[in-house]
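Asker: Pasting in a structure now, in structure tokens, and then I'll have a few things to ask.
What follows draws every value from the coordinates through simple rules; no lab data is involved. Note that this is a predicted model, so its numbers are computed, not measured. Glycine gets a Cβ as well: all are built from the backbone with ideal geometry, and neighbour counts include every protein chain shown.
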Number of protein chains: 2
Amino acid sequence: MPPAAAEPLTPERILETTEDVLRRFGPTKATVVDVARALGVSHGSVYRHFPSKAALREAVTDRWLAKSVVALEEITSASSGSAPSKLESWLEALFEAKRHKAGDDPELFATYIVLLDENSDVVDRHLTELIDQLARIIAEGVDAGTLAAADVPAAARAVFDATGRFHDPQYAADWLSPTIFAEFEAVTSLIIRGLRA
Amino acid sequence: MPPAAAEPLTPERILETTEDVLRRFGPTKATVVDVARALGVSHGSVYRHFPSKAALREAVTDRWLAKSVVALEEITSASSGSAPSKLESWLEALFEAKRHKAGDDPELFATYIVLLDENSDVVDRHLTELIDQLARIIAEGVDAGTLAAADVPAAARAVFDATGRFHDPQYAADWLSPTIFAEFEAVTSLIIRGLRA
């Protein structure tokens, strides 16, 4: 991407370029100066949007995690579909999003594994958001009488924990296994059966 | 432990000493010569029982993993108790064994994490053994009409996968969390509910 200083320098442009720079130089070597150079601006201009290298790395991590949340939010807030089938679709969509992140661009994925480690607050917020979506689906099922849960937030957390093998990046290598879909299916149906009213 | 070359040099004595040596020197530095020296024997005597350093490391890993299997096998083959309550006891015993390994001797645990990584065949055999025990409990429940599973080995695998957060050493840091027991309880009861006939 050639420098294009004439375009307005938005946070989104900075974050896109930061991702490019991280992919090219790796998470240990990439600097704010590299990002500024790729954008054709001074590093001061980047700092006006992100006050430190840490803030920039945090924001790019947040953006990466947020990408999969949009599709999951659509499933969560859909007005049609029963809660058990929403739950199944939601878990499938989460697994698919994670597999694509890991498989489509393995170098960028490896970079983000490093960033996730150093930005545990961002990760915690992301996980809380996902578990909140699960809680909304389960609460809807409890109201409709299709699901049963004495403690909805605890049940949401349990569903998330029980499916960790299919979304925790620590297991990314397992996602290439030829039996992974059958294993996902077995865990998902066990859990949904466990929640049925 | 002082050298005691007069005692017979059994594989078990060599493995015990290997564990001591690994704990003291760490997994990267410990050598067969260190083990022989601690035993007061020549390294040739050690090689008569374990033909290579790799074989010795594999055997010590196997021994470490096998320790928790004995208690789990007792639960599996007990003649009293319903399958759902056996399943619960088995999962509790597995979690307890793993927590103790991680918490009681963190240095040795860190050493074994390295050994597990280099002995994936040993780990696979161990996991297969555990999943086979789960399958026996589930099959017993299906026979007695207390549990339902169309495919018993797949259900056993699903139970194991769904409880990974409470036995996979990757999650050892989480086991110190004050909420971990409530989370374990929530996942376990969800799964057992999902298997009930």
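Asker: Taking θ as phi - 60°, what are the ³J(HN,Hα) couplings along region B:133-149 by the Karplus curve (6.51, -1.76, 1.60), each to the nearest whole Hz, with x for Gly and Pro?
Answerer: Each residue's phi maps through the Karplus curve to give 4, 4, 4, 5, 5, 5, 4, 4, x, 5, 4, 7, x, 8, 10, 10, 7 Hz.
Asker: Here is a further query. For the protein assembly as shown, place one equal point scatterer on every Cα, skip the solvent, and apply the Debye formula. What is log10 of I(q)/I(0) at q = 0.06, 0.08, 0.10 Å⁻¹?
Answerer: -0.33, -0.56, -0.82
Asker: Put +1 on the Cβ of every Lys and Arg and -1 on every Asp and Glu Cβ in chain B; which of B:T188, B:W90, B:V142 then has its Cα farthest towards the positive end of the dipole?
Answerer: Result: B:W90, furthest along the dipole toward the positive end.
Asker: What does the charge dipole of region A:1-72 about its Cα centre add up to, to the nearest 20 debye, if the Cβ of each Lys and Arg holds +1 and the Cβ of each Asp and Glu holds -1? Write down the numbers at each step before the final one.
Answerer: Values: 10 positive and 8 negative charges, 39 e Å.
Dipole of region A:1-72, to the nearest 20 debye: 180 debye.
Asker: Additional query: Residue by residue through region B:112-121, which ³J(HN,Hα) values in whole Hz follow from phi under the Karplus form 6.51 cos²θ - 1.76 cosθ + 1.60 (θ = phi - 60°), with glycine and proline marked x?
Answerer: Each residue of region B:112-121 in turn: 5, 4, 5, 5, 4, 4, 8, 10, 5, 5 Hz.
Asker: Quick one: which residues, 5 or more positions from B:R196 or on another chain, have an amide H under 5 Å from its amide H? H modelled 1.01 Å from N in the peptide plane, none for Pro or chain starts.
Answerer: The answer is B:A148.
Asker: Short version: ³J(HN,Hα) in whole Hz for each residue of region A:66-78, in order, from phi by Karplus 6.51 cos²θ - 1.76 cosθ + 1.60 (θ = phi - 60°), x for Gly and Pro, what are they?
Answerer: Whole-Hz 3J(HN,Hα) from phi for region A:66-78: 5, 4, 6, 5, 4, 5, 5, 5, 4, 5, 4, 9, 4.
Asker: Follow-up. Provide a whole-number value for the mean count of partner chain Cβ atoms within 10 Å of the Cβ atoms in peptide B:162-173. Kindly include the intermediate steps, with their values, before the conclusion.
Answerer: Values: counts 13, 3, 9, 6, 1, 0, 5, 0, 4, 4, 0, 0.
Across B:162-173, the average partner-chain Cβ count within 10 Å equals 4.
Asker: I would also like to ask the following. Taking the Cα centre as origin and putting +1 on Lys and Arg beta-carbons and -1 on Asp and Glu beta-carbons, what dipole magnitude results for the protein assembly as shown, to the nearest 20 debye?
Answerer: Working: 40 positive and 60 negative charges, 138 e Å.
Dipole about the Cα centre, nearest 20: 660 debye.
Asker: Picking from A:Q170, A:A55, A:G103, whose Cα lies most toward the positive end of the charge dipole for chain A (charges on Cβ: Lys, Arg +1; Asp, Glu -1)?
Answerer: A:A55
Asker: To one decimal place, what Kirkwood hydrodynamic radius in Å is obtained for chain B from all pairs of distinct Cα atoms?
Answerer: Working: mean 1/r = 0.0541 Å⁻¹.
In chain B this quantity evaluates to 18.5 Å.
Asker: Once the label point is placed 7 Å from Cα along Cβ, list for B:D105 the distances to the corresponding points in the other copies, in nm, shortest first.
Answerer: For B:D105, the inter-copy label distances come out at 4.6 nm.
Asker: Please give every one of the lysines within straight-line cross-link reach of B:K67, meaning a C-alpha to C-alpha distance under 29 Å, and leave out same-chain neighbours fewer than 8 residues apart.
Answerer: In chain and number order, the partners are B:K29, B:K53, B:K86, B:K98, B:K101.
Asker: Defining the label point at 7 Å along Cα→Cβ, can you sort the distances from A:P51 to the same site in each other copy, shortest first, in nm?
Answerer: Those label-point separations list as 6.5 nm.
Asker: What is the spin-label model distance, in nm, from A:A144 to A:S80 if the labels are put 7 Å beyond Cα along the C-beta direction?
Answerer: Rounded to a tenth, the inter-label distance reads 1.2 nm.
Asker: Right, something else. Calculate the dipole size of region B:58-195 relative to its Cα centre from +1 charges on Lys and Arg beta carbons and -1 charges on Asp and Glu beta carbons; express the result in debye to the nearest 20.
Answerer: Values: 11 positive and 24 negative charges, 71 e Å.
The calculation lands at about 340 debye.
Asker: Using the Kirkwood formula on the Cα atoms of region B:1-106, what hydrodynamic radius do you get, in angstrom to one decimal? Can you show the working numbers first?
Answerer: On the way: mean 1/r = 0.0634 Å⁻¹.
Over region B:1-106, the inverse of the mean reciprocal pair distance is 15.8 Å.
Asker: Along Cα→Cβ at 7 Å, what distances in nm separate the B:R125 label point from those on the other copies, shortest first?
Answerer: Here B:R125 shows inter-copy label distances of 4.9 nm.
Asker: For helix A:152-162, what angle does its Cα long axis make with the longest principal axis of chain A, in degrees from 0 to 90 and rounded to 10?
Answerer: 70 degrees
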